[in-house]
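Data block below; observations after.
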Amino acid sequence: MSELSEEQIRAELDLILERRNADTRLTTMGAGSDDLNEGRSYLANTVNGGWHVPTWPEEHGGQDASASHNARIGRVLREFVVPDLYPFAIGLGMVGPALLTHGNSAQQREWLKPIASGESIWCQMFSEPEAGSDLANVALSAQQDGEEWIVGGQKTWTSRAMWADWAICLARTDPGQPKHKGLTMFALPMSLDGVEIRPLMQMNRDAHFSEVFVDGARVLDRWRIGDIGEGWRVAMTVLAHERAGGGSRGGGDGNARGLKLPSWIVDLQGLANEQSGAWRNQVANLYAHDATSRWTSQRAADEARSSGSPGPAGSGAKLRSVKSYKGRSYLTNMTSGAHGMLEDGHGYIETMTAPSMSIRGGTDEIQRNILGERVLGLPGEPRLDRDVPWSESRRGLI
Ligand SMILES: Cc1cc2nc3c(=O)[nH]c(=O)nc-3n(C[C@H](O)[C@H](O)[C@H](O)COP(=O)(O)OP(=O)(O)OC[C@H]3O[C@@H](n4cnc5c(N)ncnc54)[C@H](O)[C@@H]3O)c2cc1C
């Protein structure tokens with residue numbers, strides 16, 4: 001598709017989407033909602049024009065857009081009602097971009113379009129009880145048996161597992177290699193025999209993430225993503241896209257068209273009985289932080305989309321956007337006074353969700369380690385088990 005002006009994009013989107021207005025309220029990050037339908041019908045509506053993942057190839061549900069055109073589309077999309085795409089975000093923002101880099105053409109043909117259209121939901125089976133920050137310590141094993149792999153072990157904190165059709169799953173295929181080298185990435189259908197999902201309750205009362213137990217599931221070799229032993233490289237691509245916020249377009253609270261202030265500030269003003277100088281100062285600080293955070297995240301996401309190999313900038317973007325989310329959640333909750341302590345209070349769900357933002361996708365401490373080592377060039381952490389065969393290294397060593 002040729003590059004359209006903002007006016008032309010608006011005209012196209014007017015045909016398929018509703019404009020948002022000052023009263024449009026959206027949930028964020030799935031907090032408090034189990035709705036799949038709104039997201040699914042939005043994606044089904046936008047996939048033919050390639051509007052939600054414009055940088056993807058046209059045949060896979062995009063429009064081969066350049067980074068600058070993609071940014072233009074993103075700006076205009078904020079004027080329309082885009083539902084919370086939390087259930088679809090791993091496919092759209094992490095698995096899809098990783099498949100464009102590491103998937104073969106048969107895999108891209110099979111998986112990308114259903115992701116873009118909302119037909120299939122993906123989850124990410126990386127973390128395990130002893131492999132979180134130290135992700136390379138993954139123990140779930142996959143052993144080759146002809147054209148299949150026999151998979152067994154446990155994953156945990158698997159968001160969206162109960163909705164997912166597929167998981168992108170990191171497995172240990174060679175315990176005799178050092179920990180980063182003996183890993184391979186697979187796509188695993190969640191409906192396979194031997195896959196059991198047990199939801200976990202979070203403190204915001206969502207049960208959106210789970211433990212997943214795998215016992216003798218047979219995974220076809222054609223579902224392997226990348227070469228045998230190259231799983232770490234694929235995992236890093238997935239995580240870099242997660243941190244850069246790729247595909248997280250949607251939901252949120254951008255500015256409704258015509259409003260001079262962002263809608264979250266208008267909401268806050270409505271909640272405040274009294275707008276003291278200190279309160280106004282907090283709002284102004286948050287606004288400034290929020291704006292720079294959004295620009296920086298946008299830059300990291302554009303870089304990720306256009307280069308296909310996002311770098312450590314995503315870690316900075318993640319730290320800033322987490323701070324922004326927390327600041328807005330806590331201020332909204334505090335401003336609503338005693339009612340904010342109740343489950344239906346303003347900012348309650350977000351306040352209960354906010355601490356998890358510093359953990360999911362890699363903790364704040366890990367993002368700072370990445371920035372220290374890969375951006376500032378500081379000395380690396382001691383890594384004693386780096387060259388030792390995984391089977392001989394101490395499990396759980398951080
Ligand atoms: C809401 C939510 C959703 C999630 N969704 C998914 C998902 O879909 N798929 C998935 O695979 N995982 C998911 N996770 C898991 C997440 O990636 C891990 O929780 C995270 O990487 C931290 O690992 P851990 O919980 O094992 O903590 P640990 O690694 O045990 O860390 C404990 C503490 O030690 C600190 N620490 C550890 N190592 C270092 C170090 N080297 N330097 C400094 N500090 C350190 C950490 O910062 C943390 O404060 C999710 C987590 C949450 C909270």
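The values are calculated or read from the model by the stated rules, or taken from the named source; none is laboratory data. The shown structure was predicted, so the numbers you read here are calculated from the model rather than taken from an experiment. As a convention, Cβ positions derive from the backbone with ideal geometry for all residues, glycine included, and neighbour counts pool all protein chains shown.
So ARG160 passes all but one of these: (1) among the charged types (D, E, K, R); (2) within 14 Å of the chain's Cα centre (by Cα); (3) outside the structural domain of ALA217 (by TED's automatic domain parsing). Which condition number does it fail?
(3)
Here are the criteria: (1) within 25 Å of ASP14 (Cβ to Cβ); (2) in contact with a helix residue (DSSP H, G or I) (Cβ under 7 Å, 6 or more places away or on another chain). Tell me which single one GLN107 does not satisfy.
Exception for GLN107: condition (1).
Inspect the stretch 313-322 for any residue being among the β-branched types (Val, Ile, Thr), under 24 Å from TYR86 (Cβ atoms) and surrounded by fewer than 21 Cβ atoms within 10 Å (Cβ to Cβ) and give the result as yes or no.
Scanning the stretch 313-322 turns up no residue that is among the β-branched types (Val, Ile, Thr), under 24 Å from TYR86 (Cβ atoms) and surrounded by fewer than 21 Cβ atoms within 10 Å (Cβ to Cβ).
Quick one: in the stretch 341-359, which of the residues that are surrounded by fewer than 17 Cβ atoms within 10 Å (Cβ to Cβ) and either within 12 Å of GLN202 (Cα to Cα) or within 6 Å of the ligand (Cβ to nearest atom) (or both) is nearest to the chain's Cα centre (by Cα)?
ILE359
Do the conditions hold for ASP215, that is, is it more than 18 Å from the chain's Cα centre (by Cα), part of a strand (DSSP E or B), more than 16 Å from the ligand (Cβ to nearest atom) and surrounded by fewer than 23 Cβ atoms within 10 Å (Cβ to Cβ)?
Yes, satisfied.
Within the group GLY32, GLY103, GLY74, which residue is outside the structural domain of ASP302 (by TED's automatic domain parsing), at pLDDT 90 or above and of a type in the set (Gly, Ala, Ser)?
Result of the check over GLY32, GLY103, GLY74: GLY103.
Filter the stretch 361-381 down to the residues that are modelled with pLDDT under 95, assigned to a loop (DSSP other than H, G, I, E, B) and within 10 Å of the ligand (Cβ to nearest atom) and list them by number.
GLY361, GLY362, GLU381
Suppose we filter the stretch 51-106 for residues that are assigned to a loop (DSSP other than H, G, I, E, B) and in contact with an Asp or Glu (Cβ under 6 Å, 6 or more places away or on another chain); how many remain?
Qualifying residue count, the stretch 51-106: 4.
Please enumerate the residues belonging to the stretch 148-162 that are within 12 Å of the ligand (Cβ to nearest atom) and not hydrophobic (A, V, I, L, M, F, W, C).
Correct list: GLN154, LYS155, THR156, THR158, SER159, ARG160.
Please name all residue pairs, on different chains or six or more residues apart, with Cβ atoms under 7 Å, provided the first residue is in the stretch 315-331 and is over 11 Å from MET357 (Cβ atoms) and the second residue is not in a helix (DSSP H, G or I).
That search, which allows pairs on different chains as well, returns ALA317/GLY245.
Look through the stretch 106-143, keep the residues that are of a type in the set (Val, Ile, Thr) and under 30 Å from PRO57 (Cα atoms), and return whichever of them is nearest to the ligand (Cβ to nearest atom).
ILE121
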